[in-house]
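Okay, so here's the structure we're looking at.
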Amino acid sequence: MNSFKIAIVNFKRNIEIYGLYLMAMVFSVATYYNFISMRYNPQFLEHKEASGYIESTAMSASIFMIIFLMFFIAYSTNFFLNQRKKEIGTYAFMGIDNNKIAFIFASEGLLLGLLSLIIGLAVGILFSKLFLMILAKVALLDIKIDFFISKKAIIYTIIAYSIILFLAFLKGYISIIRSNLIDLINSLKQEEELPKVNYFKGIVSIIIIGIAYYIAINYGKIGFRTSLLSTILLIILGTYWLFGSFFAMVIRHYINKKSFLYRGVNIVSFSNIAFRIKNNYKTLTAIAILITTCITSFGTVSSLKYYVDKNHKIEVPYNITYVSDNKEQIDKVDEIIKKSNYRIKVKEKVNFFHVPENEIVVIKLSDFKDILSSLEVKNREDIISEFNLTEDEVGYIERPQTMMSIQQKQHIIIQDKKYDIKISTKAPVFGAGLNYPCIVVNDNAYETLKADFIEEQFNGIILGNEKVTDLELTLQLAEILPPKETRLYTSYISDISFYDFTGIVYFLGAFLFLVFVFGTGSIIYFKTLSESFRDKKKYEILKKLGMTDLEISKSVSKQVGIFFILPLIVGAIHSIIAISVLGDMMKFNLIFPTIISILIFVLVYGIFYVFTKRKFISIVR
């Protein structure tokens, strides 16, 4: 029997162990194919407004996915080789050349990768129409999706995965060649010892993470780039020491507490955890960081979707807006609206002036209050109470379509005079039709300033009909209101703007999130599975000494549960801080999407826990 046939036999024999890995790989290949296929789908390409967003977001998602999969496949390959070291050692002991052994086991991994590639492509092609139909629905695109097989997407998927699989094959091949026979034979007989407790690192880890949180929250004072880089580095270091030292302190404390240790099966489960944390704290750190990435990334795209849905009133407070003080034009607009069967519910006229040097528009405080009242803003009393301005103070209304503010301005200069920014907030004023930051000044200050600028009239109209303005009405208005001169803006224009394509980002982000969760769950599954092989003989001895199957199940549930829960708690806390900073930048409360993101992750993660626990129990029994 040649080396390749042996690899095929081994592959068939171990297919059950590879099951979860195969599922994760198939899902990732199918998703990657659909990400690439989007870019070449003729129906999407015909939709000119959407094609640009789809092209950029699909490309970004594909790159993130490839980077993650390189890490995931490399880790999985190491796991499979470590689990088979004793078997590899047996082949070497029988006198088989190291190169042949390396080829056998590396080929086995290559076969697994090729199988996942073939099945993944088949699944991706089969469900591509459904994938794109859901995307079009979420992105509010009126497109009829036909079944389409993209040859370019197939080629790119094959090339990308072939390169990753070849590198994994090469890495496994070299790793086996360099292996030592004695180490391979004794790979599962390594002595275990309790980790040394380093109280200094344990306490400092909490301090470092606290400092990282402080820097993240105070990004405005420190600077966004400095804050981001510092926070990431400190979080990684703090989390590394947290699992390596702090949790070792906690576990040692409970082991020394006899009343706890001798309760139920704690002596078995916590003793195993205490002995294993020394070898596993690096993996636990990696998993905690991956969980942070998963929840934060999904929380970000969820927050984006949530923000756009809730923030639409600020971005588009009127159905029609334009700038003109020409009475003839204003009358014609009213006439066109009446003829189109729309009813005017609110008609707002506000004077303002544009400051070209600062790219801002300025209005007076009394007009700002009238706007909030006309638009029936729910929290207008709270907003107005903060705008108690002196002649040297201004209120700063964020520019429409500004997702977040990285730097907070403290002052602004208008006509060589410096004004303090008393309050910076988001509020509906002119909407995206007049796409500038709006400065609210004291009425007296406005009268003084306007002498040096050209005062203009803003007109905003809210229609009584529930449906938004249509293309025909927009075109009719454009005939009498030149868009460049009057800055004509309607609800129809807003419907084809960037904000309605956040559905694309949300949808692709959700799929990336599922891939990341699958990968994270698989990594902790593989690591826990390797521990089950080490614990198998221990549980066999304990069962002979009278330990029941129920007690074994309880012990395994606690042991596996700790390894799942600890990274989850740490990752969730990191994510909450990250998303809260995002909410501060966006000046928006993101508690709801944060909770939803964590709950969805916990649900999927919990499925992995149940699956891993059952597999662990079946092995040790």
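Values quoted throughout were computed directly from the atomic coordinates according to the rules given, and no laboratory measurement underlies them. A quick note: this is a predicted structure, and the numbers were derived from the prediction, not measured. Using ideal geometry, Cβ is built from the backbone for each residue, glycine included, and neighbour counts are taken over all protein chains shown.
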Checking the cross-link filter: which lysines have an alpha carbon closer than 27 Å to that of Lys152, excluding same-chain neighbours under 8 positions apart? Lys48, Lys129, Lys137, Lys144
Residue (of Val440, Ser374, Pro356) at the positive-pole extreme of region 331-459, dipole from beta-carbon charges: Ser374
Using r as the Cβ-Cβ distance of Val197 and Lys257, and R0 as 22 Å, what FRET efficiency do you calculate, to the nearest 0.05? 0.90
Cα-based reach from Lys554 at 24 Å (exclusive), listing lysines while leaving out same-chain residues under 8 positions away: Lys257, Lys258, Lys278, Lys527, Lys536, Lys537, Lys538, Lys543, Lys544, Lys613, Lys615
FRET efficiency, 1/(1 + (r/R0)^6) with R0 30 Å, evaluated for Lys422 and Asn358 via beta carbons: 0.95
Charges only on Cβ, +1 for Lys and Arg, -1 for Asp and Glu: so what's the dipole of region 328-460 about the Cα centre, in debye to the nearest 20? 640
Tell me, in nm to one decimal, what length is gained between Lys313 and Arg614 on full extension, where the rule is 0.36 nm per residue of separation less the Cα-Cα distance? 103.4 nm
